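S.K.: Mind having a look at this structure? Questions to follow.
The values are calculated or read from the model by the stated rules, or taken from the named source; none is laboratory data. What you are looking at is a predicted structure, and each value in this text was computed from that prediction instead of being measured. Here the Cβ is made from the backbone with ideal geometry for all residues, glycine too, and neighbour counts use every protein chain on show.
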Number of protein chains: 2
Amino acid sequence: MADDEVADAVPAIGLDIGGTKIVAALVDRDGAILVERRVETPVDGERRTAELIALVDGLCKEHDLHTTTVGVGAAGLVDLDGVVRYAPNLDWRDYPLRRLLESELGLPVRVENDAAAAAWGEYVVGAGRDAAGGALMLTVGTGVGGGLVTEGRLARGAHGLAAEFGHIIIAEGGPRCPCGNRGCLEALSSGTAIGRAAREAVAARTLPEGSVLYDVDDLSGTDVTVAAQAGDAGAHAVLTEAGRWLGVGIASLVNSLDPEVVIVGGGVIDAGALLLEPATEAYHERLVAREHRSVPPVVAASLGDHAGVIGAALLGAGARS
Amino acid sequence: MADDEVADAVPAIGLDIGGTKIVAALVDRDGAILVERRVETPVDGERRTAELIALVDGLCKEHDLHTTTVGVGAAGLVDLDGVVRYAPNLDWRDYPLRRLLESELGLPVRVENDAAAAAWGEYVVGAGRDAAGGALMLTVGTGVGGGLVTEGRLARGAHGLAAEFGHIIIAEGGPRCPCGNRGCLEALSSGTAIGRAAREAVAARTLPEGSVLYDVDDLSGTDVTVAAQAGDAGAHAVLTEAGRWLGVGIASLVNSLDPEVVIVGGGVIDAGALLLEPATEAYHERLVAREHRSVPPVVAASLGDHAGVIGAALLGAGARS
């Protein structure tokens, strides 16, 4: 059976494996979700794989699919063979996920990093669908993931480990990142970083008097966004600072990679313009030879938290824009 | 006439246009230089173009070439149409170099950034010739240029402006770069940066007593390299620091781009291990999930200052490895 025939004939299955939840979906060739399932991510690696198999089997049975393709986005470093080399929030180490799934399911499987899958989804049917020249995506959530599409292809690097944009170093010697380095983009502009910056500002009492943040225990990034949207000046200042760091990272990436568009997604994007306006300003200030070049716009992702599962399904089906 | 026929039949012409000199060469399909010419770069833009035409005409006449291809590497931002959008050390602004040369020469011409051309030369016949998976190159000279080969192709970005690796930001708020930003790789690890760091250390008297750098007026990066190679501890410390910054930049780039090999060229490479050893150490310390992944090696370029003209000629000929 040829993959192309499968892709043309039937919907594809996508799986998006995060640290807390797994999203499974049946996706048509146009990137529309026909049906979706969400389950908690099993902590145990073998149980996790069994859950993935059960999700695919379930979708196939319910929808009377005798054959299809499976695309997986996994939160971790995934090599060109679909081996999860390392995943900070999952216990997989050098785990041959693609081979195991193919063997159990008897279906063609492709495994990619989750943010790369999301970038592909946004490129094909989301905020990058008019950017034939390529899209760079940052998923800013608890951490920062990345994906890059260039010349109509997902950039994977020599070993499949490209686009770890959360770990570009923009402030050497800066705050500690979960990866062990200091001054990574993720350490300065992520949900985790926003929460930490807010807690530090509260401890140092550098926020304006009367900020509601002084009254919140164990401040999270979400607390900051909610307070900023309600007009709290202290929360606004914390988000502006995180946005400016995001802009420094975007400038560094655009100077390196020259995409047609920069797409920002992930949960932190709920902050909207409070984050993206200072980001865009800081990015424009730092783009090399800005007045002599095309300036890739920074736009919000449009597929929400479906980007990963849609992109994974389309990648698995070999579908291209 | 098909380009491939030309490329197969006759040597190609390469032109490497720097701020101070132009190198022209006749290059065979294997990347060997058959003949080379060097001239000073005319300051005036029109005279510069006339010089390029004269160099090509001269090589064609002397070697009785009735047709060939021309590849150009130019020190500046070059877009996909071969327009020099901006060149910090040349007065070309939005200058349609490719079209002008094609029209005057009646030959197919390709124009790329000079460091990108050098990366292609090193990838095809130099230090990257065994790295089929792709090579990332940094040319560390007065400034820092970059080039990237991925999946057997030169990465150009959506507008041709990719790989300005000298302007990734690794220390936001750090030393001022000629581009106007602060904390770019070029501001921390280039011939210019090494000279400036040495002058600052002399002024602050932070070098070891007895360092010969205290006795040199108007210290340059070359002065530092020469003194370090002669065993001067102060010069050694300055180079080590520049090397460590280079390593921070390499880590950031490998986390983003996952090449098979990192090639470092440019004049500063005369410092050899004095620069590359601290660079490699700092890079290894900062590579994400180093113990779970392939670690792209850092190697010195092997084509010296011929990489650009060879790469340009091979790009112009449409030759691939």
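S.K.: Within segment A:81-140, count every residue that is modelled with pLDDT under 95 and of a type in the set (A, V, I, L, M).
M.R.: So the count comes out to 3.
S.K.: Here's something else I'd like to know. Is one or more of the residues making up segment B:201-209 among the small types (Gly, Ala, Ser), in contact with a Leu (Cβ under 8 Å, 6 or more places away or on another chain) and surrounded by 23 or more Cβ atoms within 10 Å (Cβ to Cβ)?
M.R.: No - not one qualifying residue is present in segment B:201-209.
S.K.: Give the residues of segment B:95-141 that are among the polar types (S, T, N, Q) and surrounded by fewer than 24 Cβ atoms within 10 Å (Cβ to Cβ), sorted by residue number. Break it down into steps so the answer makes sense when it comes.
M.R.: Taking segment B:95-141 first, the residues among the polar types (S, T, N, Q) are B:103, B:113, B:139.
Within segment B:95-141, B:Ser103 is the sole residue that qualifies.
S.K.: Could you tell me whether any residue of segment B:144-161 is β-branched (Val, Ile, Thr) and over 19 Å from B:Val299 (Cβ atoms)?
M.R.: No, because not a single residue in segment B:144-161 is β-branched (Val, Ile, Thr) and over 19 Å from B:Val299 (Cβ atoms).
S.K.: Output the residues belonging to segment A:206-223 that are assigned to a loop (DSSP other than H, G, I, E, B) and under 24 Å from A:Gly143 (Cα atoms).
M.R.: A:Val216, A:Asp217, A:Asp218, A:Leu219, A:Ser220
S.K.: Does B:Ala228 satisfy the criteria of being in contact with a Leu (Cβ under 7 Å, 6 or more places away or on another chain), of a type in the set (Gly, Ala, Ser) and free of Cβ contacts under 8 Å to residues at least 40 places away in the same chain?
M.R.: It is false that B:Ala228 is in contact with a Leu (Cβ under 7 Å, 6 or more places away or on another chain), of a type in the set (Gly, Ala, Ser) and free of Cβ contacts under 8 Å to residues at least 40 places away in the same chain.
Conditions (1) closer than 29 Å to A:Ser256 by Cα; (2) touching a helix residue (DSSP H, G or I) at 6+ places or on another chain (Cβ under 6 Å); (3) surrounded by fewer than 22 Cβ atoms within 10 Å (Cβ to Cβ), marked per residue:
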{"residue": "A:Gly174", "(1), (2), (3)": "yes, no, yes"}
{"residue": "A:Pro178", "(1), (2), (3)": "yes, no, yes"}
{"residue": "A:Gly191", "(1), (2), (3)": "yes, yes, no"}
{"residue": "A:Asp215", "(1), (2), (3)": "no, no, yes"}
{"residue": "A:Gln229", "(1), (2), (3)": "no, no, yes"}
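S.K.: Six or more apart or on different chains, Cβ under 6 Å: which pairs go from a residue in segment A:34-63 that's closer than 14 Å to A:Leu107 by Cα to one that's assigned to a helix (DSSP H, G or I) and modelled with pLDDT of 95 or more? Could you list them?
M.R.: Sorted first by the residue in segment A:34-63, then by its partner, the pairs are A:Ile53/A:Glu104; A:Val56/A:Leu105.
S.K.: Taking interchain pairs and intrachain pairs at least six residues apart, which have beta carbon atoms under 7 angstrom, with the first residue in segment B:238-266 and more than 10 Å from every other protein chain (Cβ to nearest Cβ) and the second part of a loop (DSSP other than H, G, I, E, B) and of a type in the set (Gly, Ala, Ser)?
M.R.: B:Ala242/B:Ser189; B:Leu246/B:Ser189; B:Ile263/B:Ala127; B:Ile263/B:Gly128; B:Ile263/B:Ala301; B:Val264/B:Ala301; B:Gly265/B:Ala301; B:Gly266/B:Gly141
S.K.: Also, I was wondering about something else. If the Cβ limit is 7 Å and pairs must be 6+ apart or interchain, which residue in segment A:281-299 that is more than 10 Å from chain B (Cβ to nearest Cβ) pairs with which residue that is of a type in the set (Ser, Thr, Tyr) and crowded, with 19+ Cβ neighbours inside 10 Å?
M.R.: A:Val298/A:Thr280; A:Val298/A:Tyr283
S.K.: How many residues, within segment A:251-284, are part of a helix (DSSP H, G or I) and of a type outside the set (S, T, N, Q)?
M.R.: 20
S.K.: May I pose another question? Mind listing whichever residues of segment B:292-321 are modelled with pLDDT under 95 and of a type in the set (Ser, Thr, Tyr)?
M.R.: B:Ser294, B:Ser321 - these are the residues of segment B:292-321 that are modelled with pLDDT under 95 and of a type in the set (Ser, Thr, Tyr).
S.K.: Further question: Considering only residues that are more than 8 Å from every other protein chain (Cβ to nearest Cβ) and in contact with a helix residue (DSSP H, G or I) (Cβ under 6 Å, 6 or more places away or on another chain), which ones fall in segment B:75-86?
M.R.: B:Ala75, B:Gly82, B:Val84
S.K.: Regarding A:Ala203, is this residue at pLDDT 95 or above, over 23 Å from the mean Cα position of the chain (by Cα) and away from chain B (no Cβ under 11 Å)?
M.R.: Values: at pLDDT 95 or above: yes; over 23 Å from the mean Cα position of the chain (by Cα): yes; away from chain B (no Cβ under 11 Å): yes.
It is true that A:Ala203 is at pLDDT 95 or above, over 23 Å from the mean Cα position of the chain (by Cα) and away from chain B (no Cβ under 11 Å).
S.K.: Right, here's the next one. Out of B:Thr280, B:Thr222, report the one residue that is surrounded by 18 or more Cβ atoms within 10 Å (Cβ to Cβ) and of a type outside the set (D, E, K, R).
M.R.: The match here is B:Thr280.
S.K.: Here is a follow-up. Note down all Cβ pairs under 6 Å where the first residue falls in segment A:129-142 and is within 14 Å of A:Glu260 (Cα to Cα), the second is among the hydroxyl-bearing types (Ser, Thr, Tyr), and they're at least six residues apart or on different chains.
M.R.: From residues that are within 14 Å of A:Glu260 (Cα to Cα), the pairs are A:Gly134/A:Thr150; A:Ala135/A:Tyr123.
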